[in-house]
Amino acid sequence: MNALDKAKIFLDALPFLKAYDRKFVVIKIGGSTMTDESILPSVVRDVVFLEQVGIWPILVHGGGPRITEEMERRGMQPTFVKGRRVTDEATLDIAQHVLIDEISANVVRLIEKEGGKAIPLNGRGSGYLRCHKKIFAEDPEMDLGYVGEIDSSDTELAHRMLIGGIIPVVAPIARGPAMHLYNVNADSVAWKIAAELKAEKLIYLSNVPGILKDKNKPETLISSATLADCDELIKTNVIVGGMIPKIEACMDALKHGVKKTHVISGLLQHSLLLEIFTPEGIGTEIRM
């Protein structure tokens, strides 16, 4: 690539830099994006780049598989009800340790290694995330323990951090009734944060390239879908399994003021930059 080609890349990105200048972009990472040591540093580099060019990124992560791994290492058997981990005191201690002390701390270290600044945010170190105990309306007697449903985040705290050039790294541990901590769903945390900040974008990094008409054929990627399209794709079992909560989170975010939502592959290097700074993007954009 010669010098003129390099200059053209910067010029092509200019309209997007203007459009997203000092705008919130919430990015949720999970799955292989976090566990593959060759992928996470690339994602972090993209996030640091976004902050350096004037965009305000907030990084939300999960860590379910790592929590399960640690529980099994300690001889504990994980139990799930309707996709939610039953969380007693011992499980909550493990979840806190894994999500905050291991994963958040590692992401912060990687951000700092790339020349950025970051601070972990959650309900343990501050009141950043607030929640209530999760109750199933159809079965109120079902008790999941310390599993929460996200209520709110401290938008002013996140805003002040980003103005100061600090990237929030959010773990899904929230403060609930009587100041007790609860394990909450990371996808829900991401859309709630995005909605409260009226974010320009909410991006889920997944193990798949987006919504596929045929899950075994990447070439059947649906590049753009409306809320009505997503409803139909769920009804017809095109969107299935673990993709359903992500798409529903995107839909909830749009209904509450987020401009655009995206599901993209976290396995492709620099997928974040390609989705934000190119007109065609690389994953599925979900819009009103």
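The values are calculated or read from the model by the stated rules, or taken from the named source; none is laboratory data. Quick caveat, the model's predicted, so the values are computed rather than measured. Reconstructed Cβ throughout: ideal geometry from the backbone, glycine too, with neighbour counts over all protein chains shown.
Can you confirm whether segment 23-38 contains a residue that is basic (K, R), modelled with pLDDT under 95 and either assigned to a helix (DSSP H, G or I) or surrounded by fewer than 19 Cβ atoms within 10 Å (Cβ to Cβ) (or both)? There is no residue in segment 23-38 that is basic (K, R), modelled with pLDDT under 95 and either assigned to a helix (DSSP H, G or I) or surrounded by fewer than 19 Cβ atoms within 10 Å (Cβ to Cβ) (or both). Right, A118: of a type outside the set (S, T, Y), part of a helix (DSSP H, G or I), modelled with pLDDT of 95 or more and crowded, with 22+ Cβ neighbours inside 10 Å or not? No.
For segment 13-22, the criterion of being of a type outside the set (S, T, N, Q), farther than 22 Å from I67 by Cβ, surrounded by 15 or more Cβ atoms within 10 Å (Cβ to Cβ) and touching an Asp or Glu at 6+ places or on another chain (Cβ under 8 Å) is satisfied by at least one residue. The one condition from (1) within 22 Å of E196 (Cα to Cα); (2) touching a Leu at 6+ places or on another chain (Cβ under 9 Å) that I119 does not meet is (2). Restricting segment 69-89 to residues that are assigned to a strand (DSSP E or B) and of a type in the set (D, E, K, R) leaves a set whose member that is surrounded by the most Cβ atoms within 10 Å (Cβ to Cβ) is R85.
Of all residues in segment 87-108, those that are farther than 11 Å from G145 by Cβ and in contact (Cβ under 8 Å) with a residue 24 or more places away in the chain have Cβ atoms under 8 Å from Cβ atoms of residues that are part of a helix (DSSP H, G or I) and of a type in the set (K, R), 6 or more apart or on another chain, in V98/R66; E102/R66; I103/R66. Pull out all pairs, ordered by first then second residue, where Cβ-Cβ is under 6 Å, the residues are six or more apart or on different chains, the first lies in segment 141-162 and is under 10 Å from V184 (Cα atoms), and the second is in a helix (DSSP H, G or I) and of a type outside the set (A, V, I, L, M). Sorted first by the residue in segment 141-162, then by its partner, the pairs are I150/S188; I150/K192. Quick one: in segment 123-143, which of the residues that are assigned to a loop (DSSP other than H, G, I, E, B) and modelled with pLDDT of 95 or more is nearest to A195 (Cα to Cα)? Looking at the filtered set, the residue picked out is Y128. With the structure loaded, tell me whether S126 is among the hydroxyl-bearing types (S, T, Y), surrounded by fewer than 23 Cβ atoms within 10 Å (Cβ to Cβ) and out of contact with any strand residue (DSSP E or B) (no Cβ under 8 Å at 6 or more places or on another chain) or whether it fails that test. Yes: the conditions hold for S126.
For every residue, the table says whether it meets (1) under 21 Å from the mean Cα position of the chain (by Cα); (2) free of Cβ contacts under 8 Å to residues at least 40 places away in the same chain; (3) more than 23 Å from G116 (Cα to Cα).
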site	(1), (2), (3)
V169	yes, no, no
L181	yes, no, yes
E196	yes, no, yes
I203	yes, no, no
K213	no, yes, yes
L233	no, yes, yes
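The selection criterion, being assigned to a strand (DSSP E or B), modelled with pLDDT of 90 or more and touching a Pro at 6+ places or on another chain (Cβ under 8 Å), does not hold for L50.
If you go through segment 258-270 and keep only what is of a type in the set (S, T, N, Q) and either touching a Leu at 6+ places or on another chain (Cβ under 7 Å) or modelled with pLDDT of 95 or more (or both), you end up with just T261.
Residues in segment 237-288 that are in contact (Cβ under 8 Å) with a residue 24 or more places away in the chain, among the small types (G, A, S) and not in a helix (DSSP H, G or I): G257, S265, G266, G281, G283. The set of residues from segment 70-86 being among the hydrophobic types (A, V, I, L, M, F, W, C) and in contact (Cβ under 8 Å) with a residue 40 or more places away in the chain comprises V81, V86.
Taking segment 235-257 as the range and being among the small types (G, A, S) and at pLDDT 90 or above as the test, the residues that pass are A249, A253, G257.
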